[in-house]
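FYI, it's all coordinate maths here, none of it is from the lab. Quick caveat, the model's predicted, so the values are computed rather than measured. Reconstructed Cβ throughout: ideal geometry from the backbone, glycine too, with neighbour counts over all protein chains shown.
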Amino acid sequence: MRKDPLSWIEAELEQLDQAGLRRRRRVRQGPQGAVVVLDGRELVNFGSNDYLGLASDERVKAAAVAAVQEGWGAGASPLVSGYSVLHQRLESRLAEFEGRESAVVFGSGFAANMGTIAALVGPGDAVYMDAKNHASLWDGARLSRADVRVYGHGEYRQLERLLERGGQYRRRLIVTDGLFSMDGDLAPLGELVELAHRYEAMLLVDEAHATGVFGAGGRGTAEHLGVEKEIPVQIGTLSKALGSVGGFVVGSRILIDWLVQRARSYLFSTAPPAPMAAAAMAALEIVQTEPIRRRRLLESADYVRAELRRQGWRLGPSMSQIIPVLVGRPETALEFSAALAERGLFVPPIRPPAVPEGESCLRISLCASHSSGMIDALLEALAVLAKRFLS
């Protein structure tokens, strides 16, 4: 009998089980929101990226439903016949919202990151990566076939030393998240801008988790830190605070035209359904007209961090709506997450490879739709865990 060529997988999965690293998908019944039903159990949801509570907002849903009446699937690549009027309008709105000349929409933030990096650099070039950049940025850097140079998380002085030694490269690209998705801290964008200018490097900032949340206008960490006019390549997603789906890049007209010509994840993917563009435009309107959502969200985050530190938890450098409660071992993260679920709270356990070895955590994602009662219930449950495990 011929041996199954995939027989090795079972042993590898068993190893993941033993290490507490195997993932299992949960089935959500009903809408995304502050309360969700996962695998038949109703839980207060602290595991979502729906930071402004727009994924199920009636205005966002209504915009998508109205657009669906004209059709769903795009049917082709944007460069064939998949680029609709709604896609075009969304790109214009994004450029206007971000104060840039132009924008292009991808099927996902992952696709935007991968395609953009590989379109900007290649063999003979260098990509300078923060050690804690998102996986999509890492995959884009590897796909580009440029040399990848890594600097410690937020260590801009180490980046400077790498740039000093990298004068032989044709092009150089500094890549960073604006708001880091696991630690919840912000990149030192002021220093990165200065280094990019001094060493004539391009600078790419992924604002996926900051768009809609940070900055007076909700444009992200670059606006919040006062350097948005100095960021030549800015990437964001529509699937987090904006409650829709897709990714986007904003910048100069010449940059966007180049990406349309050379970003393979744009050229060779069917365009996302046009109704997602209608939903995203409705969400953008809410972001601009209801700043109270992000103010309330960040105030809640300040309160939760202060209370958790008082309880004795180690939180790392978080300064945003993303609050990692560091517990160390994957098994501990799983145990704590299960204990919280017994109290009606969903706080996902985050384990390698999403975080480095030894940094497994409970990742609390706060949303503007969380009530004070929900937040207090979370804090009370964590206080019980703290008394059991930290004393």
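How much net charge surrounds residue 386 when only other residues with a Cβ under 13 Å from its Cβ are counted (Lys, Arg +1; Asp, Glu -1)?
+3
How would 3, 61, 240 line up from fewest to most surrounding beta-carbon atoms within 10 angstrom? The partial results should precede the final answer.
Values: 3 6, 61 16, 240 25.
Result, fewest neighbours first: 3, 61, 240.
Taking the Cβ of residue 308 as the centre, find all other residues whose Cβ is under 14 Å away and add up their charges (Lys, Arg: +1; Asp, Glu: -1).
Charge balance near residue 308 sits at +2.
Enter the per residue convex hull volume of the range 140-273, computed from alpha-carbon coordinates, in Å³ rounded to the nearest integer.
Output value, Cα hull per residue: 126 Å³.
Write down Rg/Rh for the chain, rounded to two decimals, with Rg from the C-alpha atoms and Rh from the Kirkwood relation over Cα pairs.
Working: Rg = 21.4 Å, Rh = 22.0 Å.
For the chain, the value is 0.97.
Mind running the shape call on the range 332-377? Use the C-alpha gyration tensor, a ≥ b ≥ c as the square roots of the eigenvalues: rounded below 1.5 for a/c, prolate if a/b tops b/c, oblate otherwise.
Note, shape of the range 332-377 comes out oblate.
Have a look at the DSSP beta bridges in the range 58-289 and tell me what percent are antiparallel, nearest 5.
On the way: 10 of 27 bridges.
Looking only at bridges with both residues in the range 58-289, the antiparallel portion is about 35 percent.
Which ³J(HN,Hα) values in Hz, rounded to whole numbers, follow from the phi angles of the range 21-33 under the Karplus curve 6.51 cos²θ - 1.76 cosθ + 1.60, where θ = phi - 60° and Gly and Pro get x?
10, 7, 9, 10, 6, 9, 9, 9, 9, x, x, 6, x
Around residue 177, what is the net charge, scoring Lys/Arg as +1 and Asp/Glu as -1 over all other residues with Cβ under 13 Å from its Cβ?
-3
Sorting 313, 258, 138 on the 10 Å Cβ count, fewest up front, what's the list?
Neighbour counts put them in this order, fewest first: 258, 138, 313.
Diagonalise the Cα gyration tensor of the range 1-146 and give the resulting equivalent ellipsoid semi-axes, square root of 5 times each eigenvalue, largest first, whole Å.
Calculated on Cα positions only, the semi-axes equal 33, 28, 19 Å.
Grab the chain and count how many Lys pairs have their alpha-carbon atoms under 28 Å apart, sequence gap of 8 or more, or different chains.
4
Run the quick spin-label model on residue 292 and residue 66: label points 7 Å from Cα toward the beta carbon, then report their separation in nm to one decimal.
Once both label points are built, they end up 2.4 nm from each other.
Restricting to the chain, what percent of DSSP beta bridges are antiparallel, rounded to 5?
Counting only bridges with both partners in the chain, antiparallel ones make up about 55 percent.
Would you mind computing, in nm to one decimal, how far apart the modelled labels at residue 388 and residue 19 are, each placed 7 Å from Cα along Cα→Cβ?
For residue 388 paired with residue 19, the spin-label model returns 2.7 nm.
Mind putting together the pair-distance distribution for the range 58-289? All Cα pairs, 5 Å bins, whole percent per bin, short to long.
Taking every Cα pair in the range 58-289, the percentages come to 1, 7, 15, 19, 20, 16, 10, 6, 3, 1, 0, 0.
Considering only DSSP beta bridges whose two residues both sit in the range 177-287, what percent are antiparallel, to the nearest 5?
Of all bridge pairs located within the range 177-287, approximately 55 percent are antiparallel.
Let me know the charge dipole size of the range 58-289 about its Cα centre in debye, to the nearest 20, where only the beta-carbon of Lys, Arg (+1) and Asp, Glu (-1) is charged. Could you put the intermediate results ahead of the total?
Details: 22 positive and 26 negative charges, 116 e Å.
Computed charge dipole of the range 58-289: roughly 560 debye.
What's the extension gain from residue 260 to residue 299 if we count 0.36 nm per residue and subtract their Cα-Cα distance?
That works out to 10.1 nm of additional length.
With charges only on Cβ, +1 for K and R and -1 for D and E, what is the dipole size of the chain about its Cα centre, in debye, rounded to 20?
So the magnitude is around 420 debye.
First check a/c for the range 306-361, with a ≥ b ≥ c the square roots of the eigenvalues of its C-alpha gyration tensor; if it is under 1.5, answer rounded, and if not, answer prolate when a/b is larger than b/c or oblate otherwise.
oblate
Which translational diffusion coefficient, to the nearest whole µm²/s, is obtained for the range 233-339 from the Stokes-Einstein equation, given a Kirkwood hydrodynamic radius over C-alpha pairs, 4 °C and 1.567 mPa s?
Calculated translational D: 74 µm²/s.
Using θ = phi - 60° and the Karplus curve 6.51 cos²θ - 1.76 cosθ + 1.60, what whole-Hz ³J(HN,Hα) does each residue of the range 244-251 get, with Gly and Pro shown as x?
In residue order, the calculated couplings are 10, 8, x, x, 8, 10, 10, x Hz.
Between residue 306 and residue 229, what FRET efficiency comes out of the Förster formula 1/(1 + (r/R0)^6) with R0 = 30 Å and r the beta carbon distance, rounded to 0.05?
Details: r = 34 Å, r/R0 = 1.12.
So the FRET efficiency works out to roughly 0.35.
When the Karplus curve 6.51 cos²θ - 1.76 cosθ + 1.60 is applied with θ = phi - 60°, which whole-Hz ³J(HN,Hα) does each residue of the range 103-112 get, with x for Gly and Pro?
Result, rounded to whole Hz: 8, 9, 9, 9, x, 7, x, 4, 5, 5.
As a footprinting exposure proxy, order 256, 292, 364 by other Cβ within 10 Å, with the fewest listed first. Walk me through the numbers before you get to the answer.
Details: 256 21, 292 9, 364 26.
The order, fewest Cβ neighbours first, is 292, 256, 364.
Farthest toward the dipole's positive end in the range 334-383, which of 344, 381, 367, given Cβ charges of +1 (Lys, Arg) and -1 (Asp, Glu) about the Cα centre?
Projecting each Cα onto the dipole axis, the largest value belongs to 367.
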